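K.L.:
Attaching a single structure in structure tokens format; questions to follow.
Every number here is computed from the coordinates shown, using simple stated rules; none is lab data. None of the values given here were measured: they were computed from a predicted structure. Every residue, glycine among them, receives a Cβ derived from its backbone with ideal geometry; neighbour counts consider all protein chains shown.
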Amino acid sequence: MAFYRAEHHRASDRAGLVALRADCTAVLRDALGAPVRHLPADALQAVLLASLRFAPYPEVPGVLRALRAAGARLVVVSNWDVSLHDVLAATGLRPLVDAVLTSAELGTAKPDPAIF
């Protein structure tokens, strides 16, 4: 995770995400050592990605719906890579917000006021 946190800004588009994931897989392979050296990189990457699971707190969809019904405009602003769009879609939250902004896509991260 330390490597990802330091490098996530590289994944500002799909090509960057593919490269970052390949590099994260290499870091994982090095960290785990001999037990995984024989695994193909794509298999190890599949395990790495499968280990990342995201689920919203149960009350979140209802709260977002209520906020939108009250007229609020909702924007997710996160220090994340381009895959945040996929995560929000997979969790069912994307249709409940108006926009999604990631630090990797914008080239600036919180707490820098520019991202806001």
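K.L.:
Taking only Cα atoms, what is the 0 to 90° angle, nearest 10, from helix 41-50's long axis to the longest principal axis of the chain?
P.N.:
Tilt of helix 41-50: around 30 degrees.
K.L.:
What shape does segment 72-116 have by the C-alpha gyration tensor, where a ≥ b ≥ c are the square roots of the eigenvalues, rounded means a/c under 1.5, and otherwise prolate means a/b greater than b/c and oblate the rest?
P.N.:
Since a/c reaches 1.5 but b/c is at least a/b, the shape of segment 72-116 is classed as oblate.
K.L.:
Round to the nearest 0.05 the FRET efficiency obtained for ALA15 and ARG94 when R0 = 22 Å and r is the Cβ-Cβ distance.
P.N.:
Efficiency, rounded to the nearest 0.05: 0.50.
K.L.:
Between helix 14-32 and the chain, what is the angle of the helix's C-alpha long axis to the longest principal axis, kept within 0 to 90° and rounded to the nearest 10?
P.N.:
That helix lies at roughly 50 degrees to the long axis.
K.L.:
Considering only HIS85, ALA43, HIS8, whose Cα is most displaced toward the positive end of the charge dipole of the chain, charges sitting on Cβ of Lys, Arg (+1) and Asp, Glu (-1)?
P.N.:
HIS85
K.L.:
To continue, here is another question. How many angstrom lie between the C-alpha centres of segment 67-98 and segment 23-40?
P.N.:
Going from one Cα centre to the other spans 33 Å.
K.L.:
What is the magnitude of the charge dipole of the chain about its Cα centre, with +1 placed on the Cβ of each Lys and Arg, -1 on the Cβ of each Asp and Glu, and no other charges, expressed in debye to the nearest 20?
P.N.:
Numbers: 12 positive and 11 negative charges, 47 e Å.
The dipole of the chain has a size of about 220 debye.
K.L.:
Normalized C-alpha radius of gyration of the chain, against 2.2 N^0.38 Å?
P.N.:
So the chain has a normalised radius of gyration of 1.25.
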